[in-house]
Amino acid sequence: MPHESSEAGMQLHWHRRDLRADDNRALAAAAEDGPVCPVFVFDDAVLDHASPPRVAFMLDALLSLRTWYWERGGDLLLARGDPREVLPAIADALDAERVVWNKDYSGLARERDAAVRRALDDADVERASYHDAIIHEPGSITTNEGDHYSVYTYFWKKWRDRAKDDPFPAPDADALASPEPDDLPDVTLPSLPTLDDLGFEEPEASIPEAGPEPARDRLADFCEGDIYRYEERRDYPADECTSRLSADLKWGTIGVREVYDATDDAKAFADGEAEIESVEEFQSQLAWREFYAHVLNFNPEVVSENFKDYEHEIEWRSDPEALQAWKDGETGYPIVDAGMRQLREEGYVHNRVRMLVAAFLTKDLLVDWREGYDWFREKLVDHDTANDNGGWQWAASTGTDAQPYFRIFNPMTQGERYDPDAEYVKRYVPELRDADPEQIHDWPELADAERERIAPDYPAPIVDHAERRELAIETFEAARGDD
Ligand SMILES: Cc1cc2nc3c(=O)[nH]c(=O)nc-3n(C[C@H](O)[C@H](O)[C@H](O)COP(=O)(O)OP(=O)(O)OC[C@H]3O[C@@H](n4cnc5c(N)ncnc54)[C@H](O)[C@@H]3O)c2cc1C
């Protein structure tokens with residue numbers, strides 16, 4: 001039964017990238033203080049930065065969340081507009097006492113939240129925000145001198161050893177408010193908008209099912225098997241032995257404490273030291289995610305600027321043709337092309353391959369990392385400002401802990417090492433399905449006639465890796481001001 005009468009005033013929970021009811025810190029806090037009415041606001045200023053794959057996943061997750069509330073006698077209110085106007089209007093219409101939400105860490109999100117706080121203060125509505133998206137909030141893990149870490153290894157050690165909260169309980173059905181439709185202000189929407197309503201086309205990629213149930217299935221599958229071989233096999237893209245939880249963590253269809261807890265349970269069942277280490281290797285990826293959230297929180301400018309200072313500007317090349325070939329997966333470097341085609345088809349790329357395609361763009365093509373970041377932002381279902389930026393700046397040698405500028409991945413030997421049977425390449429590059437793995441790994445160095453004979457429809461390499469490697473090193477040395 002919905003909450004009927006209570007001395008406590010109604011609480012509005014503003015869902016953003018926490019599209020779940022379980023393990024949701026702000027929602028749990030709100031439910032302790034009064035009947036909760038959840039709200040989601042379609043904000044055009046935010047949608048301006050969004051793209052079809054992400055919005056498609058988000059809409060699916062919202063449907064699942066709304067169903068969760070319906071099944072318990074509540075409802076997820078939907079509204080479209082500027083949250084500075086929408087939230088005070090809903091609070092006023094429902095006589096809500098307080099609006100709560102979970103924090104986000106990008107500069108843009110923090111500016112938006114500050115503006116919403118001011119609007120609620122002006123409207124005399126209480127408000128509170130909570131840390132939820134990561135386990136250890138920004139500022140809680142610092143060097144002994146109290147500085148923020150810019151080196152992951154030390155961060156990880158403290159992150160690992162710090163006590164962790166348990167998942168937060170979902171609100172009981174009797175903590176949910178279900179307002180009468182007549183009480184709702186005009187800004188609310190009667191039903192979930194479609195992609196088209198929001199001005200987006202259907203995504204090119206097939207989007208995974210979104211919501212807590214599919215997220216929990218992914219987590220359970222992973223913790224029952226692949227987590228124990230994660231350390232050994234996570235770099236081999238054909239194996240697909242990673243969790244595939246990135247979009248769930250980005251959209252909060254599962255809570256990070258719940259994920260961590262499941263991995264700790266898996267650790268208790270590990271058979272031997274190697275399996276324990278494998279679970280810890282996975283947990284250290286969760287810590288990378290938190291490390292980059294801290295970096296973004298304290299350095300909001302990294303979204304558009306290098307984290308690391310070079311003495312001179314890096315002389316990135318303007319090469320629209322090469323950039324397009326990279327986007328299309330037509331560079332003539334098979335593992336790079338397989339990754340870029342996986343991105344278009346699935347809105348996802350395996351981590352090792354993300355590193356390779358990003359290195360290829362920024363080192364072999366010497367194209368500015370911001371071009372690659374923009375493309376990933378457009379195409380990834382799991383695009384997350386902190387992680388995407390962290391990954392790009394790492395590959396471009398401009399970030400925290402960045403890959404040293406002189407250590408340049410060779411896409412041919414990387415393919416040979418991590419995709420020895422070319423299984424991953426063949427999955428995404430059909431033109432090469434009849435080629436032998438050696439021919440695929442050596443493709444850029446084969447004679448034209450041989451390439452023509454083996455796979456006439458697959459392109460020749462657009463650049464020579466050895467030459468470009470030298471050029472990249474020279475370019476970075478010039479930026480460093482080396483003689
Ligand atoms: C250029 C580049 C761009 C990237 N862009 C994104 C992005 O937009 N969104 C995103 O979530 N990850 C990004 N990553 C990190 C990583 O590639 C993905 O998190 C991972 O491939 C997702 O697959 P998974 O969920 O199976 O990962 P798993 O290996 O199962 O890892 C579990 C979780 O840990 C986190 N994680 C794993 N690796 C990293 C990492 N290197 N940095 C930060 N968090 C990590 C993710 O939340 C991931 O879901 C990027 C990496 C690079 C090199």
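The numbers here are math on the coordinates, done by the rules we state, and not lab data. These figures come from a predicted structure and were not determined experimentally. Glycine gets a Cβ as well: all are built from the backbone with ideal geometry, and neighbour counts include every protein chain shown.
What the Cβ-Cβ distance of residue 213 and residue 111 gives, at R0 = 25 Å and to the nearest 0.05, is a FRET efficiency of 0.15.
Computed over the stretch 385-436, the range of Cα coordinates on each principal axis works out to 41, 26, 14 Å, biggest value leading. Along the axis of the charge dipole computed for the stretch 320-480 (Cβ charges of +1 for Lys and Arg, -1 for Asp and Glu, origin at the Cα centre), the listed residues 405, 357, 386 are led at the positive end by 386. A simple charge model with +1 on the Cβ of Lys and Arg, -1 on the Cβ of Asp and Glu and nothing else charged puts the dipole of the stretch 1-133 at about 500 debye relative to its Cα centre.
Counting only DSSP H runs of at least 4 residues, each contributing -39500 (n - 2.57), and dividing by the residue count of the chain, the helix-based mean residue ellipticity at 222 nm comes to -14500 deg cm²/dmol.
Rounded to the nearest 10 degrees, the inclination of helix 52-71 to the longest alpha-carbon principal axis of the chain is 30 degrees.
Length available on full extension from residue 436 to residue 345: 0.36 nm per residue minus the Cα-Cα distance, which gives 30.4 nm. Within the same chain, lysines fewer than 8 places from residue 250 are excluded, and of the rest, those with a Cα less than 25 Å from its Cα are 103, 157, 158, 164, 267, 327, 379. Between the C-alpha center of the stretch 362-403 and that of the stretch 3-55 there is a gap of 31 Å.
Restricting things to Cα coordinates, could you compute the convex hull volume per residue of the stretch 144-189 in Å³?
Once divided by residue count, the hull of the stretch 144-189 is 216 Å³.
If R0 equals 25 Å, the separation of the Cβ atoms of residue 304 and residue 204 corresponds to a calculated FRET efficiency of about 0.45. Derived from the Cα gyration tensor, the three semi-axes of the equivalent ellipsoid of the stretch 320-480 are 25, 19, 13 Å, largest first.
Each distinct pair of alpha carbons in the stretch 86-219 adds a 1/r term; the inverse of their mean, the Kirkwood radius, is 19.4 Å.
Projected label points at residue 277 and residue 417, each 7 Å from Cα along the beta carbon direction, are separated by 1.8 nanometres. Diffusion coefficient (Stokes-Einstein, Kirkwood radius over C-alpha pairs, 25 °C, 0.890 mPa s) for the stretch 1-133: 162 µm²/s, rounded to a whole number.
In this entry, the chain is assigned a mean projected area of 25.0 nm², taken as a quarter of its C-alpha convex hull surface. Calculated translational diffusion coefficient of the stretch 212-298 (10 °C, 1.306 mPa s; Stokes-Einstein with Kirkwood radius over alpha-carbon pairs) equals 120 µm²/s.
Sorting the segments 358-368, 231-241, 282-292 by their mean number of nearby beta carbons within 10 angstrom, highest to lowest, gives 358-368, 282-292, 231-241. Counting DSSP beta bridges with both partners in the chain, what percentage is antiparallel, nearest 5? Close to 15 percent. Mind giving me the FRET efficiency for residue 124 and residue 196? R0 is 45 Å, r the Cβ-Cβ distance, nearest 0.05 is fine. So the FRET efficiency works out to roughly 0.75. Distance between the 7 Å Cα→Cβ label points at residue 144 and residue 165: 3.0 nm.
Using Cβ point charges alone (K and R +1, D and E -1), the dipole size of the chain about the Cα centre works out to roughly 540 debye. One Cα centroid belongs to the stretch 268-319, the other to the stretch 96-161; the line between them spans 18 Å.
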